[in-house]
Structures are given as C-alpha cells and as structure tokens.
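See structure below.
The values are calculated or read from the model by the stated rules, or taken from the named source; none is laboratory data. On a predicted model such as this, the values are computed, not experimentally measured, just so you know. Here the Cβ positions follow ideal geometry from the backbone for every residue, glycine too, while neighbour counts run over all protein chains shown.
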Amino acid sequence: MAVLDHHRVIAIDGPGAAGKSTVALQLAEHLGALLFDTGALYRAVTLASLRHGVSGADADGLARLIDRIRIEIHPASVADGRQIDVLLDGEDVTWAIRTPEIDALVSRVAAYPQVRDALLPVQREIADGKTAVLVGRDIGTVVIPEAGTKIYLDASTAERARRRLVELDSRGIASSYDVVLHDLQRRDAHDSERATSPLRAAPDAIVIDTDGRAIEDIVHEIETTVRSHWESEARGE
C-alpha cells in the first residue's frame, strides 16, 4: 500500500452549522489550499440513492451504488453563494444536496460502515501530497488522522439553529427555528452516538467555540496556528 502524504492537510471537524464551511473557504483562500467539504460526498450519495431507488436502509446497496456513480469536487464556478461545485455523474448538484430532504436523510447514510469505507480511499487520495483544507465530522479522527493541523469548531445548538435558518432563508427555503433546531439536535445525537466514526474532537485537535465570534477572527487564529506549524516543520522541530 502506498504511503500517503497528509502533513499539510488542515482537518476541520465539528457539528452542523458550527461555521466549518465558511471558515474553511476563507482559510483555503488565505493559504492557497484546496477546499474539500467531505460532507458533500455523503450528501451526493444520499441524493443518488433517491434517484436510483436504493433504500437508505440498504447499507450494502449504498456501498455498491458508490461504485456506479461519479462524484466530483471542484472550485466554485458560479457566484451564487456556493463554496465548491459538486457534480454527480456530470450534473451540478451543489444546491440539490443542501435541501431539508437531504438534511433529514444524510446522517443515516453516513453512519453505515460500508458507505464510509467505500468513500474513505476517495477522500485520502484527493488530499495526498496537497495543501488542503478538509471539512467534515471525522477528518482528524478517521479520514486523515495524520493531518498536520486538526481543528474542531463548535457552537451552541441555539446559535447553530439560527445560522442554519438564515442560510435556508437566503436560498428561499421555508422553515422555522423550531424545526431547524429539532433537526440539528437529532443529527447531533445520531452523529455522536453512532458506532462507526462518531462525532468527536481528536485528542490533539484545537477546539474553538465560534459563538459570538467573527469569521475573520476565527480564520486568523487558525491561519496563525497553521503557519506556525509549517515554520516549525521547516526548521525540523
């Protein structure tokens, strides 16, 4: 098995709506790094399962589906608020995977060991030898445990619900604070309690509470940490 190089990977984990994607986008721009939101893979598989008639309860069927579809991640090509382009078999599904329907189903799909195993080598290969910012829920613990810098972003459930509601409203999707709050609480419980790759901070991750903090401030803190790591590495420390 080839040895992969992930020493310049920045792993950003945390629960939904903690600010991971927004922080990662700006951080990647500042560092000239590849931005890779790994959660988009699971969302794309969830969308594909609906389109191909594969039950969300069929873990083996979902894993086989991954071998039949093609998921691509590219830099954003449209100025509509997206942070990356997500293509499913050549079709732009960037926003199609961000609907409440996918939100309600993706945790179940992502919890299956078969699905996570099928997508793991894809994620590791994409990051090999690159300066990359990877966003997810188990990047620093499972996907890239040897990442050079590990960050865990957190925020109160109330604040995360407020942010998610604003995001949905900006895209013309009607919802309510109570519905969004309930969905986040349900997903938090599911992600934290699942047997495979549960949501948690890596022991060596830097935990940052984003409540009441400006995105620019958080990005600056992480960028300073990353560049410090790189400088120490260059000195052979």
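Examine the range 212-222 for a residue that is within 28 Å of Glu29 (Cα to Cα), at pLDDT below 95 and small (Gly, Ala, Ser), and state whether such a residue exists. There is at least one residue in the range 212-222 that is within 28 Å of Glu29 (Cα to Cα), at pLDDT below 95 and small (Gly, Ala, Ser). Scanning the range 137-148 for residues that are among the aliphatic types (A, V, I, L, M) and either farther than 16 Å from Ser197 by Cα or not in a loop (DSSP other than H, G, I, E, B) (or both) gives Ile139, Val142, Val143, Ala147. If the condition is being among the β-branched types (Val, Ile, Thr), touching a helix residue (DSSP H, G or I) at 6+ places or on another chain (Cβ under 9 Å) and either closer than 16 Å to Val109 by Cβ or without any contact (Cβ under 8 Å) to a residue 60 or more places away in the chain (or both), then the range 186-222 contributes Thr196, Ile206, Ile208.
Kindly indicate whether any position in the range 142-153 is exposed (fewer than 13 other Cβ atoms within 10 Å of the Cβ), farther than 25 Å from Ile69 by Cβ and of a type in the set (A, V, I, L, M). No. Condition first: touching a residue at least 24 places away in the same chain (Cβ under 8 Å), over 19 Å from Glu125 (Cα atoms), assigned to a helix (DSSP H, G or I) and of a type in the set (Gly, Ala, Ser). Now tell me which residues in the range 22-78 satisfy that. Answer for the range 22-78, where residues must be touching a residue at least 24 places away in the same chain (Cβ under 8 Å), over 19 Å from Glu125 (Cα atoms), assigned to a helix (DSSP H, G or I) and of a type in the set (Gly, Ala, Ser): Ala24, Ala48, Ser49, Ala59.
Considering Arg171, Arg235, Arg227, the condition of being exposed (fewer than 15 other Cβ atoms within 10 Å of the Cβ), at pLDDT 95 or above, basic (Lys, Arg) and out of contact with any helix residue (DSSP H, G or I) (no Cβ under 6 Å at 6 or more places or on another chain) is satisfied by Arg227 alone. Select from the range 88-104 the residues that are surrounded by fewer than 17 Cβ atoms within 10 Å (Cβ to Cβ) and closer than 20 Å to Asp67 by Cα and write down the one among them that is nearest to the chain's Cα centre (by Cα). Among those that are surrounded by fewer than 17 Cβ atoms within 10 Å (Cβ to Cβ) and closer than 20 Å to Asp67 by Cα, it is Asp92. Identify, by number, the condition in (1) touching a Leu at 6+ places or on another chain (Cβ under 8 Å); (2) farther than 16 Å from Lys20 by Cβ; (3) small (Gly, Ala, Ser) that Ser232 doesn't meet. Every listed condition holds for Ser232 apart from (1).
Inside the range 178-198, residues that are in a loop (DSSP other than H, G, I, E, B) and either under 16 Å from Glu101 (Cβ atoms) or not basic (Lys, Arg) (or both) make up a count of 4. Among the residues making up the range 24-54, a single one is of a type in the set (Val, Ile, Thr) and at pLDDT below 95: Thr38. Within the range 149-175, residues that are assigned to a helix (DSSP H, G or I) reach partners that are of a type in the set (Val, Ile, Thr) and buried (at least 19 other Cβ atoms within 10 Å of the Cβ) with beta carbons closer than 6 Å, at six or more positions or on different chains, in the pairs Ala161/Val180; Arg164/Val180; Leu165/Val180. Of Ala59, Ala48, Ala18, Ala11, all but one fail to be under 27 Å from Gly129 (Cα atoms), in contact with a helix residue (DSSP H, G or I) (Cβ under 8 Å, 6 or more places away or on another chain) and small (Gly, Ala, Ser); the exception is Ala11. Tallying residues that are part of a strand (DSSP E or B) and among the hydrophobic types (A, V, I, L, M, F, W, C) within the range 1-21 yields 4. The residues in the range 119-133 that are among the charged types (D, E, K, R), surrounded by 14 or more Cβ atoms within 10 Å (Cβ to Cβ) and either out of contact with any strand residue (DSSP E or B) (no Cβ under 6 Å at 6 or more places or on another chain) or in a helix (DSSP H, G or I) (or both) can be counted, and the count is 2.
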